[in-house]
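The values are calculated or read from the model by the stated rules, or taken from the named source; none is laboratory data. What you see is a predicted model; the values in this text were computed from it and never measured. Because the Cβ atoms are built from the backbone with ideal geometry, glycine has one as well, and the counts that use them run over all protein chains shown. SASA here: full protein model, heavy atoms, side chains in, ligands and nucleic acids out. Shrake-Rupley method; radii C 1.70, N 1.55, O 1.52, S 1.80 Å.
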Amino acid sequence: MSVPAAARSLGVRLPPRPSKLVPTITAIVVGAIVVLSTAGLSITWSDLLAIPGELLHYGRLMFESPDWDKLPRALTEVWRSISMAWLGAILCVVISVPLGMLAARGVGPAWLRYPLRGVFAVIRAVPEVIIALILLTVTGLTPFTGALALGIAGIGTQGKWVYETVESVQEGASEAVRAAGGTTADVARWALWPAALPTLASFALYRFEINIRTSAVLGLIGAGGIGSMLSNYTNYREWSTVGMLLIVVVAATMLMDAISGAIRRRIMEGATVRELGRIL
Amino acid sequence: MTEPAERLRIPPKPTHRLRTALVVAAFAAFTIATCLPAIGGVELDFAAIAKNWQNGAEKVGQLLQPDLSFLPRTIGPMLETIQMAVLGAAVAAVVSVPLTLWAARPTNPEGVTRRIVRFLVNIVRAVPDLVYATILVAVVGVGALPGLLTLFLFDVGIVVKLVSEAIDSTDHPYMEAGRAAGGTQTQINRLTALPQTWPLFANQWLYALELNVRISAILGIVGAGGIGRLLDERRSFYAYDDVGVVILEILVVVIAIEAFSNFLRRRLV
């Protein structure tokens, strides 16, 4: 016996079902957009059927016997990518923390706040590859260009995270500083900064993790690092080396994620009970 | 003779000086190591900035004078970019639901399959997007298809990771109720976990769509279709006024999609 029928037999009046009109219309609109997009793409969909076979074929070429001869060079290039990511993250954080603080409500004046937010939004929209393409007319096709591009391209998102973090800090400490006669600068230094610091540090490490992935992308346009090596060997169709490089990229990225993630958790959650025992 | 009652021992005030010194030292050592070209680090070349900054300023100047007569030619590729972004996000959205339920502890208490799915998703996430595009272009040929596959893989990676972690970190009294009522895991997932998680999913799908527009704008650089191909072509002709138009258009579309998805998000949450 279904539930409504059971309820009726017991004399319980069920509330009417909520209208499903809006979700249905949304679903139809979304579905239509997806169908239109599919129809508009010039893809021969029968190619899709061949893909599993192709992938298997190339997967075999890449991973059946990865060519480990070039591993030393690959490791140097991975370190170069990590270096780009790290220096880029430092540059990004050094610029975006003060600017983000100024863009936060309650810290910067309105005439500064809105232009800064506009700048962040514009930088967010420009792909980092384009920033790199402009920068390479200045510093050439070097890893330094990559680091600068990562640093500048990250400001948009990082700045947004900074002002959102600062704005989400509880009011209490700010009020206390203000009540004690502190200026806005004092509020920022003694109330907002200490409260926001752990989150900001965690976001800084997160920027490093993101940069590791992006630095491989910048390598593809020639900024150096593992991305350049990968794109070269893909162009040479040396699949056994490509396979080795992919393994190195995945392993290095996962390792860095794990280390940085562990540090971030330590920052955000504090010492675990066991660590506390050791410290005391 | 007994001593006077032993004094309450107060633990010493924790000193952080050694720890701070160690953290700073580790930070400095890592930073210095990243600046050593001998072991693969980055060579900091500030002299080049001082010497050549005019070049960059000139390029930015050219970009700021976009040649709008080029605009009609960019519409087609831009449309392709948006279509790729939408379709990639849509297919990824469908695939991400079962994978997410497999990858989260409350919805899949069974350890082995959960670890396998998580491990695979982590691998998928560890490969950068343009690397997928490069390899897929080599495998399936130039066009929109490798771009679409790249976006799909990328989206599945982030949606599954973010949503499954969100499921892991929340309490689930409803699911307990379902279990107490004798539901199987599938029934519990279907009737309690899913309705609760839809807003999370929707949020991340929209986020994936935003990222897709941004990424697919550059996928064309490696031959994976969309506006990026045009961008790369004009750049290799040094037609920076045309490049300016394309960047401007990407900017407008990205901001429009962001505004649209923020609007949807406010309605959802």
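Residues in the stretch B:172-190 that are surrounded by 15 or more Cβ atoms within 10 Å (Cβ to Cβ) and in contact (Cβ under 8 Å) with a residue 12 or more places away in the chain: 6 in all. Please work out if B:VAL142 is within 13 Å of chain A (Cβ to nearest Cβ), open to solvent by 60 Å² or more (accessible area, probe 1.4 Å) and in contact (Cβ under 8 Å) with a residue 40 or more places away in the chain. Criteria met by B:VAL142. For the stretch B:9-27, indicate whether the set of residues that are more than 11 Å from chain A (Cβ to nearest Cβ), assigned to a loop (DSSP other than H, G, I, E, B) and either open to solvent by 60 Å² or more (accessible area, probe 1.4 Å) or modelled with pLDDT under 80 (or both) is non-empty. Yes. None of B:ALA224, B:ALA208 is part of a loop (DSSP other than H, G, I, E, B), open to solvent by less than 10 Å² (accessible area, probe 1.4 Å) and more than 11 Å from chain A (Cβ to nearest Cβ) except B:ALA224.
For the stretch B:108-129, name all the residues that are more than 23 Å from A:THR214 (Cβ to Cβ) and free of Cβ contacts under 8 Å to residues at least 12 places away in the same chain. Of everything in the stretch B:108-129, those that are more than 23 Å from A:THR214 (Cβ to Cβ) and free of Cβ contacts under 8 Å to residues at least 12 places away in the same chain turn out to be B:GLU110, B:GLY111, B:VAL112, B:THR113, B:ARG115, B:ILE116, B:PHE119.
Pairing residues of the stretch A:38-50 that are facing chain B (nearest Cβ under 7 Å) with residues that are open to solvent by 50 Å² or more (accessible area, probe 1.4 Å), at Cβ distances under 7 Å and at least 6 apart in sequence or on separate chains, gives A:GLY40/B:LEU79.
Has the stretch B:251-266 got any residue that is more than 25 Å from B:VAL91 (Cβ to Cβ), part of a helix (DSSP H, G or I), touching a helix residue (DSSP H, G or I) at 6+ places or on another chain (Cβ under 9 Å) and at pLDDT 85 or above? Within the stretch B:251-266 (the criterion being more than 25 Å from B:VAL91 (Cβ to Cβ), part of a helix (DSSP H, G or I), touching a helix residue (DSSP H, G or I) at 6+ places or on another chain (Cβ under 9 Å) and at pLDDT 85 or above), the answer is yes, since at least one residue qualifies.
Yes/no per residue for (1) touching a residue at least 12 places away in the same chain (Cβ under 8 Å); (2) within 8 Å of chain B (Cβ to nearest Cβ); (3) open to solvent by 50 Å² or more (accessible area, probe 1.4 Å); (4) farther than 30 Å from B:LEU36 by Cβ:
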| position | (1), (2), (3), (4) |
| --- | --- |
| A:GLY53 | no, no, no, yes |
| A:MET62 | yes, no, no, yes |
| A:ILE82 | yes, yes, no, no |
| A:TRP86 | yes, yes, no, no |
| A:LEU102 | yes, no, yes, yes |
| A:LEU116 | yes, no, no, yes |
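Being farther than 15 Å from B:SER216 by Cβ and not hydrophobic (A, V, I, L, M, F, W, C) is the requirement here; does B:THR81 meet it? Spelling it out, it is not the case that B:THR81 is farther than 15 Å from B:SER216 by Cβ and not hydrophobic (A, V, I, L, M, F, W, C).
The stretch A:164-280 holds helices (runs of 4 or more DSSP H) entirely within its bounds, and those carrying 3 or more residues that are open to solvent by less than 70 Å² (accessible area, probe 1.4 Å) and within 11 Å of chain B (Cβ to nearest Cβ) map to A:193-218, A:226-235, A:239-269. So which residues in the stretch A:121-163 are surrounded by fewer than 24 Cβ atoms within 10 Å (Cβ to Cβ), assigned to a helix (DSSP H, G or I), of a type in the set (Ser, Thr, Tyr) and at the interface with chain B (Cβ under 7 Å from one of its Cβ atoms), if there are any at all? Residue satisfying the conditions is A:THR137 alone. In this entry, B:ARG73 passes the filter for residues that are open to solvent by 50 Å² or more (accessible area, probe 1.4 Å) and in contact with a Leu (Cβ under 8 Å, 6 or more places away or on another chain). On the given criteria, is B:ALA38 open to solvent by less than 60 Å² (accessible area, probe 1.4 Å) and of a type outside the set (S, T, N, Q)? Against the criterion (open to solvent by less than 60 Å² (accessible area, probe 1.4 Å) and of a type outside the set (S, T, N, Q)), B:ALA38 does not qualify. Do we have A:ALA147 as in the same structural domain as A:GLU209 (by TED's automatic domain parsing), in contact (Cβ under 8 Å) with a residue 60 or more places away in the chain, over 23 Å from A:GLU209 (Cβ atoms) and small (Gly, Ala, Ser) here? Criteria not met by A:ALA147. Residues of the stretch A:37-92 that are farther than 26 Å from A:THR214 by Cα and hydroxyl-bearing (Ser, Thr, Tyr): A:SER37, A:THR38, A:SER42, A:THR44, A:SER46, A:SER65. If you take the residues in the stretch A:26-42 that are surrounded by 12 or more Cβ atoms within 10 Å (Cβ to Cβ) and not aliphatic (A, V, I, L, M), which one is modelled with the lowest pLDDT? Applying the filter and picking the extreme gives A:GLY40. Quick check on the stretch B:79-100: of everything there that is surrounded by fewer than 24 Cβ atoms within 10 Å (Cβ to Cβ) and more than 12 Å from chain A (Cβ to nearest Cβ), which residue is nearest to B:LEU230 (Cα to Cα)? So, considering only residues that are surrounded by fewer than 24 Cβ atoms within 10 Å (Cβ to Cβ) and more than 12 Å from chain A (Cβ to nearest Cβ), the one nearest to B:LEU230 (Cα to Cα) is B:VAL95.
With the structure loaded, tell me whether B:SER216 is among the hydroxyl-bearing types (Ser, Thr, Tyr) and surrounded by fewer than 21 Cβ atoms within 10 Å (Cβ to Cβ) or whether it fails that test. So B:SER216 fails the test. Within the stretch B:101-128, how many residues are assigned to a helix (DSSP H, G or I), surrounded by fewer than 21 Cβ atoms within 10 Å (Cβ to Cβ), touching a helix residue (DSSP H, G or I) at 6+ places or on another chain (Cβ under 8 Å) and away from chain A (no Cβ under 14 Å)? Qualifying residue count, the stretch B:101-128: 4.
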